[in-house]
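Remarks on the structure that follows.
The values are calculated or read from the model by the stated rules, or taken from the named source; none is laboratory data. All figures in this text were calculated on a predicted structure; none of them were measured in a lab. Here the Cβ positions follow ideal geometry from the backbone for every residue, glycine too, while neighbour counts run over all protein chains shown.
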Amino acid sequence: MRRVAMLLLAVLCLGSAIGAQQPPSGSELTFWYEYTVKPGKEAGFMELVNLVGAPVRDKLMAEGVISGWGIETPLLRGSSVNGTHLIWYSSNWAGVAKVQKAMADQIAKLNAEDAKAAADKKSKPGPTLQQRQEDVLDMSKTRDWLTRDVVYATSGNWAGTTNPYFRYNFNKAKPGMSGAYRDAWEKYSKPVLDQLVKDGVIISYGLAVEEVRTSSDFTHFVWYGVKSLDAFDKIRAAFIADRAKRSQEERDAISATFGAATEADAATSVVTQAIIFKVRPQ
């Protein structure tokens with residue numbers, strides 16, 4: 001994603017189980033893969049998801065290597081997300097190495113099966129894995145991201161939810177002002193989000209940065225997950241109410257603080273819906 005932290009030459013597996021909660025802030029990375037699926041090829045994409053990633057991701061999650069993974073699609077077409085599908089998993093650097101190796105082994109296995117089929121004179125071989133990928137994906141637009149939550153909170157109450165929504169608010173701190181931006185966010189925004197978690201409006205949220213800096217479009221993004229779109233009305237109302245109870249002088253000070261720390265013109269937002277969302281209970 002051009003603005004997302006938002007998600008290998010292969011894709012993840014399907015699933016629908018949702019667990020309780022993820023590890024505390026700062027302890028894990030999220031690896032994102034941004035894909036562009038060709039028009040009309042969505043079914044083929046999901047077939048590849050099942051073929052390539054399912055055995056790998058399920059196994060690694062069962063072993064505790066990854067704590068969760070999912071697939072998301074942008075709610076708005078033509079948004080600042082360049083791809084059509086975002087795929088993510090959460091782990092640490094050691095886990096990233098294990099995922100990379102396991103995916104490479106899976107691809108090698110599938111390629112060996114393709115070669116065996118091609119050598120079998122009794123049946124006509126089908127398209128290879130590479131050919132299937134090229135048919136379904138615009139590989140020239142594939143993009144990877146690696147992010148870390150520096151602040152993270154959750155109620156873990158995802159039970160009964162199979163297709164949650166996520167909002168990502170991207171901000172660009174001015175040079176030398178990253179610390180000031182985070183301080184302001186934790187002072188003025190985090191308490192509102194914490195209350196929304198307690199109220200059950202937001203299930204999880206975080207303040208994240210790129211672990212490996214690859215984009216100059218943003219320095220930080222705030223994300224939060226909800227069970228349904230109407231939660232976004234409640235979130236907006238909560239922030240309006242928080243500011244309204246403050247004096248005009250304090251509201252002006254908040255605006256000035258964020259204005260001094262960030263480039264307002266660089267701020268963007270993305271809303272996604274999960275096709276697959278799966279986290280390990282703790």
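Does THR161 satisfy the criteria of being surrounded by fewer than 19 Cβ atoms within 10 Å (Cβ to Cβ), outside the structural domain of ASN50 (by TED's automatic domain parsing), closer than 29 Å to GLY53 by Cβ and hydroxyl-bearing (Ser, Thr, Tyr)? In short, yes. The residues listed here are TRP69, TRP88, TRP158; of these, the one that is within 30 Å of GLN195 (Cα to Cα) and part of a loop (DSSP other than H, G, I, E, B) is TRP158.
Looking across segment 15-45 at every residue that is polar (S, T, N, Q) and in a loop (DSSP other than H, G, I, E, B), the one that is modelled with the lowest pLDDT is identified as SER16. Of all residues in segment 237-277, exactly one satisfies the criterion of being part of a strand (DSSP E or B) and in contact with a helix residue (DSSP H, G or I) (Cβ under 7 Å, 6 or more places away or on another chain), namely THR262. Flag not set for LYS101, criterion: among the charged types (D, E, K, R), out of contact with any strand residue (DSSP E or B) (no Cβ under 9 Å at 6 or more places or on another chain) and modelled with pLDDT under 95. When GLY40, GLY44 are checked against the criterion of being on the phi > 0 side of the Ramachandran plot and out of contact with any Pro (no Cβ under 7 Å at 6 or more places or on another chain), GLY40 stands alone in meeting it. Evaluate the following for VAL222: is it more than 22 Å from ILE275 (Cα to Cα) and not in a loop (DSSP other than H, G, I, E, B)? When the stated conditions are applied, VAL222 does not pass them.
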